[in-house]
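Note sheet for the following structure.
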Amino acid sequence: MAEKPTPMGTCLISTLLVLMFGVAIPAKAQGDCQSVYDADDKLLATDHRAFSAHSPAIRGGHPETTESVMVGGVTYVKVKGAWRKSPLAVTELREQKAENRKSAKNVSCRYLRDEFVDGEAARVFSAHSETEDGKYDLTVWISKNRGLPVRQEEDIDTGDKVHYSIHYEYTNVALPSAH
């Protein structure tokens with residue numbers, strides 16, 4: 001990455017990474033990757049709320065949490081207590097995902113085990129991929145009932161190492177009250 005993002009940009013980038021988990025897993029990968037792709041694609045078509053926290057590798061070493069809401073294909077990100085509309089539309093996110101999937105290499109996905117997340121049965125998968133920008137390692141818990149991610153842990157190494165922890169909710173999702 002050539003340029004350091006602004007704090008607002010960092011929050012939006014974090015949220016977009018949340019929305020694009022598996023950002024670098026290409027469609028040509030085989031095996032268990034299809035389950036990850038299906039959940040990833042379904043996430044963009046489903047109203048949801050995401051809560052993420054990341055390690056202190058960016059923004060001067062300070063940990064940060066982010067909340068985002070996607071309703072009707074529009075994403076809002078909570079930045080310094082205020083809700084802001086994301087500049088990227090769902091169609092742009094889908095296009096970026098498709099491009100990222102095509103350009104990734106050294107891709108692998110595998111089923112790990114079954115677990116419960118907040119009382120919901122989930123299948124756990126790991127995924128690894130590399131791009132010219134870095135390496136991506138993901139563990140994702142996909143609801144057996146809904147086929148949507150309920151939790152994920154992601155390690156991104158683009159020179160700076162960042163760890164993201166993300167939790168998704170799908171009930172009672174509404175537009176933020178002030179945006």
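Please treat every number below as a calculation from the coordinates, not as lab data. Since the model is a prediction, treat every value here as computed from it, not as a measurement. Here the Cβ is made from the backbone with ideal geometry for all residues, glycine too, and neighbour counts use every protein chain on show.
Miscellaneous remarks
- When each of the peptides 141-152, 80-91 is scored by how many other beta carbons lie within 10 Å of its residues on average, the order from highest to lowest is 141-152, 80-91.
- Peptides 105-115, 156-166 ranked from most to least packed give 156-166, 105-115, packing being the mean of other C-beta atoms within 10 angstrom over each peptide's residues.
- The distance between label points at Ala98 and Glu120 comes to 2.8 nm (points 7 Å beyond Cα on the Cα→Cβ vector).
- In Hz, Karplus ³J(HN,Hα) per residue of the stretch 126-140 (6.51, -1.76, 1.60; θ = phi - 60°; x = Gly, Pro): 10, 9, 9, 7, 9, 10, 5, 8, x, 10, 10, 10, 10, 10, 10
- Residues in the stretch 121-136 reached by a label modelled at Lys161 [backbone nitrogen below 18 Å; 7 Å Cα→Cβ]: 127-131, 133-136
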